[in-house]
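Report on the following structure.
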Amino acid sequence: MIKGLTRSGLGVFRDDEQYITRAAQFGFQSVDLDPLELIQQYGGDYSKHLLESNRVIVGAFGLTVDWRTTDEQFREGLKSLVETAEAAVSMNCFKCCTYILPSTDQNAAAFMTTATRRIRLCADILGAFGIRLGLEFVGSHHLRTKWTHPFIWSMADTLDWIDTINSKNVGLLLDSYHWHTNGLDVQDLLNLKLEQIVHVHINDAYKVPIEDLLDHERLYPGEGGINLVGFLKSLKTIGYSGVVAQEVISSTLSQDSTELLTRSKTAFDNVFGNI
């Protein structure tokens with residue numbers, strides 16, 4: 001598996017160049033970022049050189065289309081999706097991801113119909129470039145009731161929704177935190193098929209009841225109570241060899257990137273050293 005980073009839990013970087021070079025210095029092989037923004041900053045040739053010279057790949061990029069609100073905002077976001085997909089492919093990145101909030105203020109049935117249509121259209125556009133779309137279920141209990149109506153928060157329901165969307169390039173963004181807050185175990189991972197997984201996030205949680213875990217209070221891998229060794233071993237067993245990207249969302253961290261990258265490297269070394 002490829003050790004990767006998102007910007008979450010890493011403090012402040014001057015720009016994407018520093019993000020990439022610092023990731024490489026600390027032994028990471030992948031970064032999640034916006035490939036279009038990268039090219040707009042540095043141009044295509046230098047962007048490729050920056051990645052290749054540091055032996056770093058772009059693991060995945062976020063879906064920038066707003067599929068959760070109005071038709072107008074959705075259509076506006078579609079305008080840049082082709083350009084973003086082209087940029088991603090030029091950087092040899094073929095993974096795009098978005099998250100599903102577990103509740104909504106909209107009528108849930110109507111929202112499901114609209115969201116299915118919109119996600120399918122985004123998937124079709126991305127699929128034309130050979131890009132897969134990963135959907136991340138969010139299991140945090142406090143978010144299940146943050147808005148008026150419950151929506152999707154379990155892995156099983158997300159897989160059912162993926163079947164309904166019925167696009168071959170749609171699968172899961174599997175996050176260890178949400179796997180844990182769903183109360184799932186390694187057997188649930190072993191029951192997955194390799195092709196159902198698009199991308200993976202790793203992080204840890206405080207040792208408290210899962211109902212009390214807050215989405216914005218995460219720990220670095222190996223610092224908490226999630227069975228991350230079992231999580232990674234299960235993924236390895238079903239044949240996953242892609243990116244495992246750290247995503248530590250926290251409001252209490254320092255902004256010193258050197259300190260946080262050191263902590264990240266230690267965390268990855270400890271967890272990956274046991275699989």
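Using the structure shown, decide if Val82 is within 24 Å of Leu173 (Cα to Cα) and in contact with a Leu (Cβ under 7 Å, 6 or more places away or on another chain).
In short, no.
Go through the residues of the range 44-62 one by one and say whether even a single one is closer than 19 Å to Ser257 by Cβ, in a loop (DSSP other than H, G, I, E, B), touching a Phe, Trp or Tyr at 6+ places or on another chain (Cβ under 8 Å) and among the small types (Gly, Ala, Ser).
No - not one qualifying residue is present in the range 44-62.
Just to check your reading of the model, which residue among Asn54, Asn92 is surrounded by 14 or more Cβ atoms within 10 Å (Cβ to Cβ) and either without any contact (Cβ under 8 Å) to a residue 60 or more places away in the chain or basic (Lys, Arg) (or both)?
Asn54
Regarding Thr158, is this residue of a type in the set (S, T, N, Q), free of Cβ contacts under 8 Å to residues at least 60 places away in the same chain, crowded, with 17+ Cβ neighbours inside 10 Å and in contact with a strand residue (DSSP E or B) (Cβ under 7 Å, 6 or more places away or on another chain)?
Here the answer is yes, as Thr158 does meet what is asked.
Can you tell me how many residues within the range 120-153 are assigned to a loop (DSSP other than H, G, I, E, B) and more than 30 Å from Pro35 (Cα to Cα)?
Summing the residues that are assigned to a loop (DSSP other than H, G, I, E, B) and more than 30 Å from Pro35 (Cα to Cα) in the range 120-153 gives 5.
Which numbered condition in (1) touching a residue at least 24 places away in the same chain (Cβ under 8 Å); (2) closer than 18 Å to Leu228 by Cα; (3) surrounded by fewer than 20 Cβ atoms within 10 Å (Cβ to Cβ) is the only one that Lys193 fails?
(2)
Wholly within the range 181-275, which helices (runs of 4 or more DSSP H) include no fewer than the required count, namely at least 2 residues that are hydroxyl-bearing (Ser, Thr, Tyr)?
Values: elements: 186-190, 228-237, 257-272.
Per the criteria, 228-237, 257-272.
Which numbered condition trips up His216, out of (1) crowded, with 17+ Cβ neighbours inside 10 Å; (2) within 16 Å of Leu143 (Cα to Cα); (3) free of Cβ contacts under 8 Å to residues at least 60 places away in the same chain; (4) touching a strand residue (DSSP E or B) at 6+ places or on another chain (Cβ under 9 Å)?
Unmet for His216, out of (1) crowded, with 17+ Cβ neighbours inside 10 Å; (2) within 16 Å of Leu143 (Cα to Cα); (3) free of Cβ contacts under 8 Å to residues at least 60 places away in the same chain; (4) touching a strand residue (DSSP E or B) at 6+ places or on another chain (Cβ under 9 Å): (1).
Within the range 250-272, identify whether any single residue is modelled with pLDDT of 95 or more, surrounded by 14 or more Cβ atoms within 10 Å (Cβ to Cβ) and in contact with a His (Cβ under 6 Å, 6 or more places away or on another chain), and answer yes or no.
No.
The values are calculated or read from the model by the stated rules, or taken from the named source; none is laboratory data. Being a predicted model, the structure only gives us computed values, none of them experimental. Cβ: placed from backbone, ideal geometry, glycine included. Neighbour counts: every protein chain shown.
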